[in-house]
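The values are calculated or read from the model by the stated rules, or taken from the named source; none is laboratory data. Quick caveat, the model's predicted, so the values are computed rather than measured. Note: accessible area is taken over every heavy atom of the protein model, side chains too, but ligands, DNA and RNA are not part of it. Shrake-Rupley method; radii C 1.70, N 1.55, O 1.52, S 1.80 Å.
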Amino acid sequence: MTFPWHLYLMAFIYFVAGLNHFRSPRMYQKIIPDYLSNPKLLNEISGVAEIILGIALVIPLVSAYAAWGIIALLIAVFPTHIYMYSNPKVRMGLPKWILLLRMPLQLALIYWAYQYT
């Protein structure tokens with residue numbers, strides 16, 4: 001089975017995003033909603049998950065499972081987008097309209113991952 005270039009692109013994006021959780025942890029910890037405890041641990045878990053899922057996407061034996069994992073991860077982090085939109089202290093200087101557009105973008109990312117399940 002030949003893998004399309006866009007699968008490799010997705011894998012690369014998640015791998016690099018996962019690494020970024022460790023390069024800039026405070027940025028990610030800041031946007032984790034207040035009602036969730038231990039932002040440091042949650043950031044590390046999501047970073048490791050993105051790295052592992054990014055790698056797993058290009059392994060034919062587990063790529064479909066990785067795509068389902070990405071869908072689950074995208075759903076799990078969705079409250080972060082709502083939190084950023086509703087809390088001016090964590091917006092990172094982004095205008096509300098951009099933060100609002102990020103929410104349907106999650107659906108597009110879920111659809112993209114679903115193509116490989």
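Go ahead and estimate [θ] at 222 nm for the chain from helices alone: -39,500 (n - 2.57) per DSSP H run with n ≥ 4, summed, over the residue count, rounded to 500.
Estimated from H runs of four or more residues: -24000 deg cm²/dmol.
Keeping all protein chains in the complex and leaving out DNA, RNA and ligands, what accessible area do you get for I71 with a 1.4 Å probe, in Å² to the nearest 10?
Solvent-accessible area, nearest 10 Å²: 20 Å².
Top to bottom by accessible area (1.4 Å), largest first, where do W112, W68, W5 land?
Greatest to least solvent exposure: W5, W68, W112.
So with the 1.4 Å probe, I'd like the accessible area per residue for the chain, rounded to whole Å². Write down the numbers at each step before the final one.
Working: 7330 Å² over 117 residues.
Per-residue value: 63 Å².
Where is the GNM fluctuation largest for the chain (alpha-carbon springs, 10 angstrom cutoff): A11, A49, A76?
Of A11, A49, A76, the Gaussian network model singles out A76 as fluctuating most.
For the chain, restrict the atom set to alpha-carbon positions and state the Rg and Dmax in Å.
According to the Cα coordinates of the chain, Rg and Dmax are 14.6, 47 Å.
If you wrap segment 60-117's Cα atoms in a convex hull and average its projection over all directions, what's the area in nm²? Display every interim value, and only then the final one.
Working: hull surface 16.4 nm².
Result: a mean projected hull area of 4.1 nm².
Take E50, E44 and sort them by solvent-accessible surface of the protein heavy atoms, 1.4 Å probe, largest at the top.
E44, E50
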